[in-house]
Structures are given as structure tokens and as C-alpha cells.
Number of protein chains: 2
Amino acid sequence: MRSDRLGETLLPKRIALPVFASDALSSVAYAPDEIFLTLAVAGGAFATTHSWQIGLAVVFVMLVVVASYRQNVHAYPSGGGDYEVATVNLGPRAGLTVASALLVDYVLTVAVSISSGVQNAAAALPFLKGMEMPVAIGLVVLLTAMNLRGVRESGSAFAFPTYAFMIGIIGMSLFGFYRSATGSLPQAESAQFGLLPEPGAEGIAGFAMVFLLLRAFSSGSAALTGVEAISNGVPAFKKPKSTNAATTLLLMGAVSVTMMMSIITLVNLTGIKFAEFPGTQLTLNGTPVGEAYNQDTIIGQLSKTIFSDFHIGVVFISIVTGIILVLAANTAFNGFPVLASILAKDGFLPHQLHTRGDRLAFSNGILILAGAAIFLIFIYDAKVTSLIQLYIVGVFVSFTLSQTGMIRHWNRHLRTERDPKERRRMMRSRIINTIGALMSGTVLLVVLATKFIKGAGFAIAAMVVLFVIMNRIQRHYARVRTELAVEDSADEQLLPSRVHAIVLVSKIHKPTLRALAYARATRPSLLEAVTVNVEPEETQALQDEWDRRDIPVPLKVLDSPFREITSSVVDYVKSVRRGSPRDVVMVYVPEYVVGRWWESLLHNQSALRLKGRLYFTPGVMVTSVPWQMRSSEGAEERFEGTGSGAVGSVRKGK
Amino acid sequence: MRSDRLGETLLPKRIALPVFASDALSSVAYAPDEIFLTLAVAGGAFATTHSWQIGLAVVFVMLVVVASYRQNVHAYPSGGGDYEVATVNLGPRAGLTVASALLVDYVLTVAVSISSGVQNAAAALPFLKGMEMPVAIGLVVLLTAMNLRGVRESGSAFAFPTYAFMIGIIGMSLFGFYRSATGSLPQAESAQFGLLPEPGAEGIAGFAMVFLLLRAFSSGSAALTGVEAISNGVPAFKKPKSTNAATTLLLMGAVSVTMMMSIITLVNLTGIKFAEFPGTQLTLNGTPVGEAYNQDTIIGQLSKTIFSDFHIGVVFISIVTGIILVLAANTAFNGFPVLASILAKDGFLPHQLHTRGDRLAFSNGILILAGAAIFLIFIYDAKVTSLIQLYIVGVFVSFTLSQTGMIRHWNRHLRTERDPKERRRMMRSRIINTIGALMSGTVLLVVLATKFIKGAGFAIAAMVVLFVIMNRIQRHYARVRTELAVEDSADEQLLPSRVHAIVLVSKIHKPTLRALAYARATRPSLLEAVTVNVEPEETQALQDEWDRRDIPVPLKVLDSPFREITSSVVDYVKSVRRGSPRDVVMVYVPEYVVGRWWESLLHNQSALRLKGRLYFTPGVMVTSVPWQMRSSEGAEERFEGTGSGAVGSVRKGK
């Protein structure tokens, strides 16, 4: 997309909702599962009696967070993401913390969403069972390829599956409630099972029980992932941007909450039993069902129960759930490179991740994201339950710092604002953000307390590592900037007095002759050809041919007692510089250009090493004189590598 | 080592024997084991009744091969290795076949010798048991580091352990025979065991029995590996070189044969039972001894039996066996890079493996060898029995082709030689080499027939792959040579009419100013600075500072609708060339030089990409103007990478 076309497409609410909400809405595909399997630790009817409480707690947090982000949307109509809000209001260290959390989170969004998508699809497509990990990795590779090739989803590409998912889940729920009201809702297949507590959790009570409930609540908080996406996307909304974004945020919260509570209620109505270790925890007539039992996801079991004989309904739910989860993963493929680019612009990541004049920047980001996600999927065998332990902590680090930043934001504005009406509005916003910050912080503490050893610790460790790396990168760039800054004294512009040109020669062939001709064309003060005497016979042959051809440049032979080219040349160049320090030395290196990657391994290796060494020698310029071999024709584009991967259409993400 | 010092040290026979024979002599540490465990397949007393026959067959082949190579030594006093003999007499395809076989064999020499060394050491150092694979890999890494650092063993470093091994094995044997003669030789601990045949091999007879005997013979032929080493080393001998080398060869054959037959005899005298699967094949009172039984190597069992209470003797034998096997592996670390260098000189391998002016060439060879050996040790879990299946085929491919080449050699010389005495000598040599070729060929067929599916097939496959790769590399170099050859018409030397210099500018800092100053010093016909307009504000700021500083070079701003630097610059350069095709364009790229590897990831990436693209554009020179950052000071040497790895002292090997 040309830069003068960016920002042309503004989204109405009905398109913005699916574009920005796929990540958040897709969370209901795994959040209820995590609540039920955590509660199942206590066995028996514990899940049935407590799941709705957990659900309500999650809904409450969700509403608080949505209310808080509505304040962000109004305060930062330019689309300040959590990174920007934290940086502006709390300083660069807070911003960097948020950035670390978000980068880790993007990776987990891909890993969790894809893994869950495969698990959900497997409910209707049984041949996927047992193949989840390779299929998930295959899907990540596919997404990566699509994003590298710059396939851009239009808003409608998002709209159709997201609405299909919403209609599917809500329609299924309504049908379920109708069947329940008319007394025709059957029990789920897993309702017949007994549910054993995990060893050590029999008759759980007191602190242990509270801890288990908190753990279930932490897992259920996965439903909140992706809520912040809209706050980044405000500029993409139609006017009035902030108001439309805030309304969309509310809509998204309402739909998400409705879907989640419906699912929890229906699980209890149909008597579904769901456990982390179904083989040992689920019993039939007192004996465990064993590893052969295949436990479908909750949505899978619900659709099979509610739709009974209507197989197409089951397949429909399974497929739309799978698709929205893949879409959710895709939002990370847009968000990660954008965030990386912003961080690179601020000097926290290598410049080559910043888009400035570099269409490969996004490709780099996409490949890093994909590599990390594949690594996680491989390590955790595409198990959503394991991956989710790492997931939630980053989200709440980011929520908490962003909301704390918003409190500072309002404090600052209240110091200058005099209009009483406006002040009232700001104070109300500040109260909401304060509640949001306290709530997010509390959830963060709960998540850390209940999940740290289960995996959140790894996520924290990854964030710390990223933080330290980004910090060091930034310090490095700052140091370089200082060192390279031009003082206003003009002595840097002092011209060298003469140019001493040296053409490196190993044998006489077309590249050498071209290098000689070009070097002569620059009319240096002094021009000589230099060769290193490694094998005396070869050197003599070269000297003879040189004389025979009557080449009008003197050939100097450097002796090399250690039969080593690089050092001999470098030493000679240094001696030239010592002899006349105000001269600049220009070393011409003839090189071949070949078309195939393996061919380039066969050439120029010693030229490459020599150039590397000469770069360390002050007062030297190194000129490559390329000779294009026939095989290089048309290979120019191939050299460019991983294709366009152009700037993503609408910039979405966290 | 300086090139004018090479070849100074000539070896007397007493030093040459250990230097060149460690590989061949060390084979007796594993060859008898392989004979016995193969025969053990048939169970019972089969090994006792047939091992001496197999031993004699191997001795016979050994003597024939030694006699044959004595002819090579006389015919090629310059030290023609098998590769050279095959190339000269049978053509490059035969030479390449031998080279492929030898390269594969060097890798196997390292893998087999080190694995066997660790197994033998474990007989006296029981804490090594179960850790064989990591310890073997550790040893390879150690050898690699030593060879990369250019640690050179003097002849005496070889002499001591090799003589210690010879004295140890022969002394132990003599002591064993003495105890046997006086009736005081005890039975080995494993003599009490019964030996079950492997399933399916009970009551073996007829063809199956012959096949098993042939298989045992193939395995025993491992004793011949390394015999050819002396034929490479003739120039290192004191005069008369050929005669001394031939004598040393005979000595080596005699020692090797003596040691092997002594070991086989003593195994039968002490009743040692040795099986590939000791846990199931060995029985005590009718029941298998189980996996807990630790089977020592044959030399380990022999020393424990013969020395009875004399523990120091056991440890001595174990350690000298381990050391000579490590020395044998080390010969491959000398031989592989030398052969690779010769092949690179002949254009079959990348030039950077050839020493010409490149002290890193040997390091590359060493690293490739070490990597491949570690891979094999890892894959085969340091199991000598598995590795040996791959080993012997390469040796006999090389023997057979080399001996066949020798027949041709004598045929050619007989066509011109008129002196009847000399002709008689040549005809005798031809007979010996013919017998050698037939014998080697037969053994090769036996090895292939008995080992192909057990592993020799993999070795053959590796050789075929190497052959094809080396063939393609050679064709590529030939094509390049043709394309680059200078016709005698002088139009290549036509001077370009003018030089159009372009300095790339992204911002104004010291590197840019240096590049501008240097470019001005070369006084081009036309000089301009060029920047790409990616972000209009930045470009405007640059333009303003340019004017403010009054830089005496015009600044041209290239528009970039796709916010992409590389293409804009390349397109501009092409348009300049189109405008005046007889000009040459010189592009100056300011670059930073940093000292640490991770810093270089943070810089110059877009410069690197741009240079890569410009190389494909005809009529362009690319000049890097390096700016040395403070952190680069003293980093020059570090950049050089893997240290010296200088040319090995005495060039040994196959």
C-alpha cells in the first residue's frame, strides 16, 4: 500500500466490531473450559456449585476493564496503545515493561488461539485427534506465509466469520435454553460420569478451597485477553471516532459476557463433566474411563448435546469456532510487527524492525513471532491448559500499568483544566480508571499467586529478559548517537590530501580487468595493483602474463611468509598510511556476482574476510567492483528474500 | 609454521612408525571384539572353533595389502595418496570416488576410534559406563579445540603412547602365554557363562553359516583401516625415503598381525564369552544374565584375567588403549583438512577449504569433520558395533581403486621401460598389485554383501552424495573460469569516460561527513549526495541542517512512494546509467564498525541489503567508507574468528 493511501479506509461500527473483537470474543472458546477443569480438581459437584460464581466474577472484571478502556479511548483518540499510555504517563521504564508484556502476549495469543482452534475443530473432525501439535504448527506456518505475502484481509473477511461465531454460539445457547424450558434438553454424554478429585484434593476446604477458586478465576480471566485491541484502533473508526470506539467496546463486552455466562449455565444444565485428566478423574460405575476416552472441548460437548441429531449444527459450531480462533491468532500477526516497529523507532529494538524505508521490517517481525509461537506449541504439545498458565499474566501487567497511567493522565489534566463541567467528567473518568487499576492489579496478584509455578513464572522470566535486552539496545544506540554527533568545529570535513588506490589481483580475468579500468577512471594520485605471493610459481605466471599484456599499472608483489592473504594486505595498507597519514587509501576488490545461493558459498569468501578486516583500519575505503556472472541475471529479486510482506492494511492489535 | 620451514623435519623409522601407524595399530582394540561378537550370533562354542580361522583370513589380507602398498611407496616417493594414484591412473572420476570414500572414512575414523577409546577406558574407569556418548562427544570437542588452536604433536608425542600400547599388548600377551604354558592362566570371569545363539540362528549351517563367517571376516577387516597412511607420508621419511617407508610398512603389518592373533588366541585360552547382546545371550546356570551385566571390551577382559590381582596392569592397558585410539582419531584431524585442501585445489570443494593464502581453511575442514563425527556418535549412541558397519566399506573402495590404479601404472611404465632388470621388478610389482586389487575387490564385495543393510548402505549413500556434490562444484568452477577468461581483444580494458559519484546520506553525523570528504578527495566528474524521502519531516530536517552547515555538495532527495530505500536508490543508479552509459557510477556508503557481534546486528543492515542489490547492477562500484566506533578498537583480531588453526605440522593421513 502506498504511503499516501494509508488511512483512507475508515470503518463503521458494524465492521469495526468484528475486526477488533475477534481476539476478545474468541476467548470464550477456551476460558469456560479452563474454569471447569480447574474446579474439577476438587471432584464431585464442586464445579457445578461454583462455576457460576467464578463466571460472575470474571464478568464483573470484564465490565470494569471495558469501562476503564472507554476512558482510554476518549483520552487518546489518536489510538494510544497501552505502551504509549504507560510511556507518556509513567515514563519509559513502565512503557518498556508494558512492551515486554505485550510482545510475550502476542506470541501466546498465537499459540493459545491456534491450539484451541485445533482442539475445537477436532470435536467435529475426529481425524485431527492425536495430531493436534503438528496441525497447529502447520496452521502457524500457513498464517506466516499469508502474512509474509501481504495477503490483506478486508474488514468483511473478518466480519463474516466473527458474526457467524456470535450467531452460532448465541443461537445454540438460545436453542439450549428453549429445550431446557420445554424439558426436552438431554443430558450430555459425559453427564453419566462420576468426577474424582485429583489426588490430595479430596474434601478440599478452607484456604485450599479459596486458593482453588482463585485459580479457577485466574484461568477464567483468559476471557479478557484482547479487550484492549479497540483502544489501539480508534483512528480507524468513522467519526465521531472516540464515541464510536467506546460504543463498540461496550458492545463487545456485552456479547462476550453473554456468551460466557450462557455457556457456563448450559454446561450445568446438561451436566457436562470436564476434567484436566479425564482418563483418571472421570469414572463410569466407579472405575476410571481410562486414556482411551476422548474429551471434547466444552463448546464441542455442548453443541453435540443441544443439537442432538442435527449433525450439521455441530460441524458448523466446530468450524466457526476454529476459524475465529485462527483470526484471533492473525490479529497478533498484525499487532506484533506494528509494536516491534514502534519499539524499533524508539530505539528499543534493532532498526531493521522499523518500517522506515524498509519493507522487510514487517517480515522480520512476522518471522520472529511465528518462530516463538511454534516453539511454544512444540514445547507444550499444543495443550491449551498448559499454555494458558503463561498467557494471562502479561495481559494484566499491561492492563494495570495502562490504567495506572490513565490516573496520572487525569491528574495532569486536572491541574490545568478550569471548566467545572469538564473537570467533573475528568474526575469521573479518574474514578473509573482508579477502580480499573486496582481491579487489574488485584487480578494480577491473584494470577501470580495461583499460576506462578504453573507457568506464569516463565512468562515473567521472558518479559524480564526482553526488558533487559531492549534496555541494552536502547543504551547502545544512545551511545552511538553521542559518539557520532558532529561537533560544530569543521575539522571533520578536512579533505584528505591524496588518494592512494590499490587494486587487489589474484589472477588476470575479466573482473580484475574491469576493476583496473574503473580504478584508472577515477584518476587517483597513485595507482598500483597488488598481489600476495602465496605460491611462487603462480605469482611468477601472473607477473609474466601482466608483462605480456602490457597492463599500464605497476604490479606489486607482497611477500607472505605465512601464506596468508588478509594479513599481508592489511599490513601493507597500514604501512602506506603510516608513510603518508594525510592520504586516504582506496582498496579495489574485484568480486563475482552469482545467482544461486550455493554458488555464492563458492566465491568471494576471502574477499569478504579481507573487506571485514579492512573496515577496522582507519583511513581506508573499500570499493567492491562487482562482475555480474550470467547466472546472476534475474536473480536480483530472488536475492531480496522473503518477498513483500507489505505494511498491513488496518493496523490492529493491542 | 612458515612456508620456508615446511618439510624440514624428516623422520627416522623409529619415529615414523608411531606417527603413521597409530591408526592402523589401534584397530586391534576393536577388530577382535567385532569378530567374536559376530560369531557369537551362532552361540555355543562356534566363536572358539572359528575365530582363529577368521583371524588368519584377516592376517592374510593384511599381508597382501601391506605387500601391495609397499609397491605404491616405491612408485610414488612423492607420497601419492590413494586419491592421487586413482586420479593419475584411472582418471578424475575414479579419483573422486576414492576421495568421497576417504572423506567418509575420516569421519568414521574419528567416530569409531573415540567411541572405542571410551569403551576401553570404561573397563578400568567404571564411572564412565552409561556416559559413553556424552564423554565421546566431549573428547571430539576437545580434539577439535586442540586442532583449531594449532597444537602440534611432535613425533615424540606420538611415539610414547604408541610404543606404550605396543609394549602393553605384546607384554600382556607374552605374560598370558607364559601363564598358559605353566598352567597358571585363570579362566576369564565370563568363561562361566553359557552363550545362547541369537533368535533364528540356532543350529546354523550351510549357506547361513558361511554368510555368518563372511560377516565376521568383514568386521575383522576393520583391522586394516589406516594401513594406507604410510603411503601418504613417504616425503617425511629420512633417506632412502621409499625403502625406509616400505620397511616401516612391513614392521607395522608384522606388529599389527602379531597383536591381533595373540589377542584371538588368548580369548580362546581364557574362555572369554563375548556377545553383541550380553544381557540376553549370556546365561548363568541356564538363565540370561540380564541388562545389569556390564560387558567389558575384549582387551579389558583379557587384562583383568591375565593380570589377575595386578590392578595397575589393568589400568595401564586400559589407559594406553584409550590414548592410542584418541591419537588415531587425531590423525583424521590432520588428514581430513589436507585432503579437503587438495580437493579444493582441484576445484572439487569450495576454494575456502584450500590453504592458498588462507589460514582459516584448515579450521573449516576441522569443524566439518568434527561436526560430522559428533553427529554419527550421537545417532549411533557411541556404539562401536553399529559404527563399524559403516566403516570398512570406504577403506576397501579406496584400496581396490588404488591397487587397480597401480596395475595401470605398471602397464604404462612397462610400455616404455627397456632395461630387463627394471622390467622384471615392475612385472613383479604388477603381480603383487594385481593380487592386492583382486583381494581388496573381493573383500569389498564381501563387505557389501554382509553389511549393506546393516549400515554400509548409509556409507555408500554418503559417498554418492559427496561424489555428486563435488562433481557439481567442479563443473561450476569450470563454467566460471570459461566465462571470466579474457579474450585477447583488449576491449575489456576500455576506460569508462567519467565517474559519477553518489554519497548515500540518511542523517548528518561523522560517518556521513567522512564519506563526503573522502568522496570529494577522489575528485569525481560529478558528485552528489542522495537521500531517500521516507518521512517528509525527517527529510526536511536533513535538508535544513545541510543548508545550515553549508556542505559543498548538492543534496538530491529521492521520492519513495513505497517508503523503501533500496529500490529507490537502485532505480536512481540505473537511471543515471541509462542517461550516460559510458560513465561508471560510484556509490559511497557510510558504515559504522562496531566491536561486538551483537552490536553489528544493530547496524548497517539496510546498507548491507542495499550493497547486495547494487552488486547486481552493471557499471556500478560500491565503496564502503567505514567509521570505526570506539568499541571496535582491538576487536579486529576477535573478528577473525576461530583463531589460527595453522597448517598442521607433518602432513599425515590417508
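General remarks:
- Pairs of Cα atoms nearer than 8 Å and 6+ residues apart set the relative contact order; for segment A:37-188 it is 8 percent.
- In segment B:549-567, burial by the other protein chains removes 20 Å² or more of accessible area from B:Arg549, B:Pro561, B:Phe562, B:Arg563, B:Glu564, B:Ile565, compared with the chain on its own (1.4 Å probe, ligands and nucleic acids ignored).
- Net length available on complete extension from B:Thr283 to B:Ala205 is 25.8 nm, with 0.36 nm assigned per residue and the Cα-Cα distance removed.
- Counting Cβ atoms of other protein chains within 10 Å of each Cβ in A:503-512 and taking the mean gives 3.
- Cα long-axis angle, helix A:206-220 against chain A (0 to 90 degrees, to the nearest 10): 60 degrees
- With the convex hull drawn over the C-alpha atoms of segment B:240-352, the volume per residue is 197 Å³.
- For B:Leu185, distant residues with modelled amide H under 5 Å away: B:Ser180
- With respect to chain A, whose longest principal axis is taken over its alpha-carbon atoms, helix A:457-484 is tilted by about 30°.
- Note on segment A:491-652: Cα-Cα pairs beyond 26 Å make up 37% of the total pair count.
- With 20 Å as the limit, the listed pairs A:Lys129/A:Lys304; B:Lys129/B:Lys304; A:Lys611/B:Lys345 have A:Lys611/B:Lys345 beyond it between alpha carbons.
- For chain B, the solvent-accessible area of protein heavy atoms averages 40 Å² per residue (probe radius 1.4 Å; ligands and nucleic acids excluded).
- Note on B:Arg498/A:Leu445: beta-carbon distance plugged into 1/(1 + (r/R0)^6) with R0 of 60 Å gives a FRET efficiency of 0.25.
- Pairwise label distance in nanometres, B:Phe310 with A:Arg582, each label 7 Å out on the Cα-Cβ vector: 8.4 nm
- With label points defined 7 Å past Cα in the direction of Cβ, position A:Leu63 shows copy-to-copy spacings of 10.2 nm, given to one decimal and shortest first.
- Net charge over other residues, Cβ less than 13 angstrom from the Cβ of A:Arg215 (K, R count +1; D, E count -1): -1
- Among residues of chain A, the one whose Cβ lies closest to the rotation axis carrying chain A onto chain B, together with that distance rounded to whole Å, is A:Thr623, 2.
- Per residue, the convex hull spanned by the Cα atoms of segment A:387-463 amounts to 71 cubic angstrom.
- Quarter of the Cα convex hull surface for the protein assembly as shown, i.e. its orientation-mean projected area (nm²): 63.9 nm²
- What the phi angles of segment A:21-33 give under the Karplus curve with 6.51, -1.76 and 1.60, with θ = phi - 60°, is a coupling list of 9, 4, 5, 5, 5, 5, 4, 5, 6, 10, 4, x, 3 Hz, glycine and proline written as x.
- Each copy carries a label point for A:Gly171 at 7 Å from Cα toward Cβ; from one copy, the others' points are 9.1 nm away, ordered from shortest.
- Computed over the alpha-carbon atoms, chain B gives an Rg to Rh ratio of 1.12, Rh here being the Kirkwood radius from the mean inverse distance.
- Computed helical MRE - 222 nm, chain A, DSSP H runs ≥ 4 contributing -39500 (n - 2.57), nearest 500: -21000 deg cm²/dmol
- Total buried accessible area between A and B, probe 1.4 Å, nearest 100: 9400 Å².
- The modelled label-to-label distance between A:Lys238 and B:Asn471, using points 7 Å beyond Cα along the C-beta direction, is 6.9 nm.
- The phi torsions of segment A:264-280, fed into the Karplus equation with coefficients 6.51, -1.76 and 1.60 and a -60° offset, translate into couplings of 4, 4, 5, 4, 5, 5, 8, x, 4, 9, 9, 9, 5, 10, x, x, 9 Hz, rounded to whole numbers, with Gly and Pro shown as x.
- When both segment A:527-552 and segment A:270-311 are represented by their alpha-carbon centers, they are found 83 Å apart.
- In summary, the lysines within cross-link reach of B:Lys241, defined as a Cα separation below 23 angstrom excluding same-chain residues under 8 places away, comprise B:Lys13, B:Lys421, B:Lys652, B:Lys654.
- The angle between the Cα long axis of helix B:536-549 and the longest principal axis of the Cα atoms of chain B comes to about 70 degrees, rounded to the nearest 10.
- The other copies place their B:Phe160 label points at 8.0 nm from this one, listed shortest first, where each point is 7 Å from Cα along Cα→Cβ.
- Portion, in percent, of the accessible area of chain A that falls on carbon or sulfur, probe 1.4 Å: 63 percent
The values are calculated or read from the model by the stated rules, or taken from the named source; none is laboratory data. Owing to the predicted nature of the structure, the values given are computational and were not obtained by experimental measurement. Positions of Cβ are generated from backbone atoms using ideal geometry, with glycine treated the same way; all protein chains shown enter the neighbour counts. Areas reflect the complete protein model, heavy atoms only, side chains present, ligands, DNA and RNA absent. Shrake-Rupley method; radii C 1.70, N 1.55, O 1.52, S 1.80 Å.
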